[in-house]
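Contents: one structure, followed by commentary.
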Amino acid sequence: MIGRRITYRTVDGVRIPGTWRPAFIHNGRYFLTELFIYADGLIDCWGLVTVEEFEEKLRTGRVATTLPDGAQAAVHGVARWKFSEPQSRLTPELLVAEVRDTIDRLNERPDSTGRCLAAVDAFLADRTEENRAAARTAFLAIPASKRRYALGDMDAKDGPLRFLVAGPGGRTYRPTEPPVSQEAYDRALTYFEERARLREEHAALVSADGPPAPYAPAVRLGHAYQNEPVADPGHLGLRNDYPAPITVGDVVHPSVAHAYWALSVTQPEVRSAITAADTVSAARKLAAGTERREDWEHVRAAVMTGLLRAKYDQHPELAEILLATDDATLVYDDVDSAFWGDNSGRGRNWTGRLLELVRSELRMGRNGIPGL
């Protein structure tokens, strides 16, 4: 079964989410590899292909679900072996069905399990044989390897579903299971009634710590080259290179960026030159051309945090702009650093994260929390 592992690939600067599962490629011998499935419907198993092209790989045996006894197998750079009495529960049809379900989940669409449970809800709301037949069809459309997980109940597994969609006297998909008794059917009905009650109670619960994601739209703080302050800078004022002088100790730096580069070097005369630089670009070049603090990579996040606090403490008008972003994710671009910038999803966005921290501290200071 495909798990909950998370990966992505980048296309034109956009992250395409995905996940993966192990699979065997047949290329002379059998190679154990990773099969990556992405939200845009492409599958990477030794080359990006569509679902239809993946089905062709399965049909031709390039992606293998049958493992012959005695066949040679390998994991690149790890081991080689021969199969001895191999067993596989996968079939090409089952693997394709799992892949299609995964693409649905990555796109937050109902997969075969979701469609089945919706059909069951429709039957429970209007218990006609037509609705039961639709629920049974939707249940059987779930890949056989996933049916026991459909209810998310590892005690009951898919028992209540089997009995409900079969109905009294009906047969389940298990060939050796006897016809469903009235007692088993009634237990299944009771199970779903209790399940509905618990779902209603869960839906009414409110998180004690608030929502996990911001409700305000993300704010992108794009590149700007502003050497003079303006009356109403807007989000431009949140950039580290915006000319908002800050005092650190007894030194006044033209911007957060000037102060950051000045504090990164060891030589006092270079620090003074960086602070006096006409532009942030010139300040950065001076810092790059001289000796840096030995522990700079370990302290730079703490230094930047202190500089951002100083900026918004010393410039209340800019603090108002930061607070006005509400709880939005702040996406900061930095052409020179994948550490500080998001850079179209390829960077770590630490400036954006620290701005969100300072914003929270400003709000706490304004509203006050006892004991802090």
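The values are calculated or read from the model by the stated rules, or taken from the named source; none is laboratory data. Keep in mind that this is a model prediction, so the values were computed, not measured. Every residue, glycine among them, receives a Cβ derived from its backbone with ideal geometry; neighbour counts consider all protein chains shown.
Conditions tested, residue by residue: (1) at pLDDT below 95; (2) on the phi > 0 side of the Ramachandran plot; (3) buried (at least 17 other Cβ atoms within 10 Å of the Cβ).
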residue: 142; (1), (2), (3): no, no, yes
residue: 152; (1), (2), (3): yes, yes, no
residue: 161; (1), (2), (3): no, no, yes
residue: 198; (1), (2), (3): yes, no, no
residue: 204; (1), (2), (3): yes, no, no
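Out of the residues in segment 53-74 that are surrounded by 13 or more Cβ atoms within 10 Å (Cβ to Cβ) and of a type in the set (Lys, Arg), which is nearest to residue 86 (Cα to Cα)?
Going through the qualifying residues, I end up with 62.
Would you check if there is a residue in segment 160-171 being touching a helix residue (DSSP H, G or I) at 6+ places or on another chain (Cβ under 9 Å) and under 30 Å from residue 64 (Cα atoms)?
The initial filter retains those residues of segment 160-171 that are touching a helix residue (DSSP H, G or I) at 6+ places or on another chain (Cβ under 9 Å), namely 160-170.
Filter again for under 30 Å from residue 64 (Cα atoms), leaving none.
No - not one qualifying residue is present in segment 160-171.
Just give me the residues in segment 243-281 being buried (at least 16 other Cβ atoms within 10 Å of the Cβ) and either touching a residue at least 60 places away in the same chain (Cβ under 8 Å) or over 25 Å from residue 319 (Cα atoms) (or both), in sequence order.
Answer for segment 243-281, where residues must be buried (at least 16 other Cβ atoms within 10 Å of the Cβ) and either touching a residue at least 60 places away in the same chain (Cβ under 8 Å) or over 25 Å from residue 319 (Cα atoms) (or both): 244, 246, 248, 264, 265, 270, 271, 273, 274, 277.
Go through the residues of segment 196-215 one by one and say whether even a single one is in contact (Cβ under 8 Å) with a residue 12 or more places away in the chain and within 30 Å of residue 318 (Cα to Cα).
Within segment 196-215, one or more residues are in contact (Cβ under 8 Å) with a residue 12 or more places away in the chain and within 30 Å of residue 318 (Cα to Cα).
Being assigned to a helix (DSSP H, G or I), within 34 Å of the chain's Cα centre (by Cα) and of a type in the set (D, E, K, R): is that true of residue 346 here?
So residue 346 does not fit the description; no.
Yes or no: segment 49-65 includes at least one residue that is in a loop (DSSP other than H, G, I, E, B) and among the polar types (S, T, N, Q).
Step one: of segment 49-65, the residues in a loop (DSSP other than H, G, I, E, B) are 50, 61-62, 65.
Okay, now just the ones that are also among the polar types (S, T, N, Q), so 50, 65.
Yes, segment 49-65 contains a residue that is in a loop (DSSP other than H, G, I, E, B) and among the polar types (S, T, N, Q).
Any residue at all in segment 174-187 that's modelled with pLDDT under 85, polar (S, T, N, Q) and not in a helix (DSSP H, G or I)? Write out each step before concluding.
If we filter segment 174-187 for residues that are modelled with pLDDT under 85, which is where we start, we get none.
No: segment 174-187 contains no residue that is modelled with pLDDT under 85, polar (S, T, N, Q) and not in a helix (DSSP H, G or I).
Please state which one of 284, 359, 309 is buried (at least 19 other Cβ atoms within 10 Å of the Cβ), free of Cβ contacts under 8 Å to residues at least 60 places away in the same chain, in contact with an Asp or Glu (Cβ under 8 Å, 6 or more places away or on another chain) and part of a helix (DSSP H, G or I). Reasoning before the result, please.
Values: 359 fails: in contact with an Asp or Glu (Cβ under 8 Å, 6 or more places away or on another chain); 309 fails: buried (at least 19 other Cβ atoms within 10 Å of the Cβ).
Result of the check over 284, 359, 309: 284.
Restricted to segment 39-48, and to residues that are assigned to a strand (DSSP E or B) and in contact with a Leu (Cβ under 7 Å, 6 or more places away or on another chain), which residue is surrounded by the fewest Cβ atoms within 10 Å (Cβ to Cβ)?
Out of the qualifying residues, it is 48.
Exactly one of (1) out of contact with any strand residue (DSSP E or B) (no Cβ under 6 Å at 6 or more places or on another chain); (2) in a helix (DSSP H, G or I); (3) buried (at least 19 other Cβ atoms within 10 Å of the Cβ); (4) among the hydrophobic types (A, V, I, L, M, F, W, C) is unmet by residue 340. Its number?
Residue 340 satisfies every listed condition except (2).
Quick one: in segment 6-41, which of the residues that are aliphatic (A, V, I, L, M) and under 21 Å from residue 90 (Cβ atoms) is farthest from the chain's Cα centre (by Cα)?
Start the filter on segment 6-41 by keeping residues that are aliphatic (A, V, I, L, M), which leaves 6, 11, 14, 16, 23, 25, 32, 35, 37, 39.
Subsequent filtering for residues that are under 21 Å from residue 90 (Cβ atoms) retains 23, 25, 32, 35, 37.
On the way: 23: 23, 25: 28, 32: 26, 35: 18, 37: 14 Å.
Residue satisfying both the conditions and the ranking: 25.
Exactly one of these conditions fails for residue 364: (1) more than 25 Å from residue 247 (Cβ to Cβ); (2) among the aliphatic types (A, V, I, L, M); (3) without any contact (Cβ under 8 Å) to a residue 24 or more places away in the chain. Give me its number.
Condition (1) is where residue 364 drops out.
Being within 21 Å of residue 350 (Cα to Cα), outside any helix (DSSP H, G or I) and among the charged types (D, E, K, R) narrows it down to one residue among 232, 326; which is it?
Sole residue among the options that is within 21 Å of residue 350 (Cα to Cα), outside any helix (DSSP H, G or I) and among the charged types (D, E, K, R): 326.
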